[in-house]
1. Considering every residue within segment 153-172, establish whether at least one is part of a strand (DSSP E or B) and either under 14 Å from residue 75 (Cα atoms) or at pLDDT 95 or above (or both).
2. Looking at (1) within 16 Å of the ligand (Cβ to nearest atom); (2) assigned to a loop (DSSP other than H, G, I, E, B); (3) modelled with pLDDT under 90, can you tell me which one residue 52 breaks?
3. Go through the residues of segment 85-95 one by one and say whether even a single one is farther than 22 Å from residue 203 by Cα, within 16 Å of the ligand (Cβ to nearest atom) and assigned to a loop (DSSP other than H, G, I, E, B).
4. Can we say residue 43 is surrounded by 15 or more Cβ atoms within 10 Å (Cβ to Cβ), within 16 Å of the ligand (Cβ to nearest atom) and either under 18 Å from the mean Cα position of the chain (by Cα) or at pLDDT 95 or above (or both)?
5. What are the pairs, 6+ residues apart or on separate chains, where a residue within segment 33-47 that is more than 14 Å from residue 144 (Cβ to Cβ) has its Cβ under 6 Å from a residue that is outside any loop (DSSP other than H, G, I, E, B) and within 9 Å of the ligand (Cβ to nearest atom)?
6. Answer yes if at least one residue in segment 63-79 is within 16 Å of the ligand (Cβ to nearest atom), surrounded by fewer than 18 Cβ atoms within 10 Å (Cβ to Cβ), part of a helix (DSSP H, G or I) and touching a residue at least 60 places away in the same chain (Cβ under 8 Å), and no otherwise.
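The values are calculated or read from the model by the stated rules, or taken from the named source; none is laboratory data. Given the structure is predicted, the values throughout are model-derived calculations rather than measurements. Cβ placement follows ideal geometry from the backbone for every residue including glycine, while neighbour counts extend to all protein chains displayed.
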Ligand SMILES: [Mg+2]
């Protein structure tokens, strides 16, 4: 007898169903919400060293024009990092997992960082200095520990982050080969919903693309507002309706929607 019960195999089959590639034409009055790392740019060992290619910059610029500003980047990174690299007026950006919002009209909504972020960051930096290959990334509303260059330290990193989160009242946010301590509250779904309350996003059919678990609330928010999500990367249990294989497939698909 299957220890998980007779329905486990059925549930597995349902959650692992193949997902189609998204339609080649965006809905008539759509808005687009794009994750950054792992969606528009490949994941790399040193997140600060990420390069935004001319192709990506041109694509984002063209999409923003085609959608008449109904385009936002929704990222776990701090918003200013993406703003500097894409350097595009009128682009919406939600940073720090939806906690910092930069609206297309230039207005912003940015909460104050709790002191616990800096305190936890100091402790992480001290521990990281004693272990080669661990990077500490400080953000306005969080601090991340990257162990992509030292995967054997995953258990150690997660345990340390868990203890610090509990001690400082911070939220633990696991990612791909990284774990982040961040101010409690907010997620990408909340960010998508915030944009959809305001022009030019209000009343549109939202489409959200992302690769990470943190994108799932974004997919759910898009679906709740009559749109859909696109999972980027390997199939998993997801709120997304469609799937694309990786960054190059995302870029090709987005370019295709511009030709449609
Ligand atoms: Mg991502």
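1. Of all residues in segment 153-172, those part of a strand (DSSP E or B) come to 171-172.
Checking which are either under 14 Å from residue 75 (Cα atoms) or at pLDDT 95 or above (or both) leaves us with none.
No: zero hits.
2. Looking at each condition in turn, residue 52 falls short on (3).
3. No.
4. Working: surrounded by 15 or more Cβ atoms within 10 Å (Cβ to Cβ): yes; within 16 Å of the ligand (Cβ to nearest atom): yes; either under 18 Å from the mean Cα position of the chain (by Cα) or at pLDDT 95 or above (or both): yes.
Criteria met by residue 43.
5. 35/210; 35/215; 39/210; 39/232
6. Applying the first criterion (within 16 Å of the ligand (Cβ to nearest atom)) to segment 63-79 yields 72-79.
Adding the requirement that they be surrounded by fewer than 18 Cβ atoms within 10 Å (Cβ to Cβ) leaves none.
The answer is no, given that none of the residues of segment 63-79 is within 16 Å of the ligand (Cβ to nearest atom), surrounded by fewer than 18 Cβ atoms within 10 Å (Cβ to Cβ), part of a helix (DSSP H, G or I) and touching a residue at least 60 places away in the same chain (Cβ under 8 Å).
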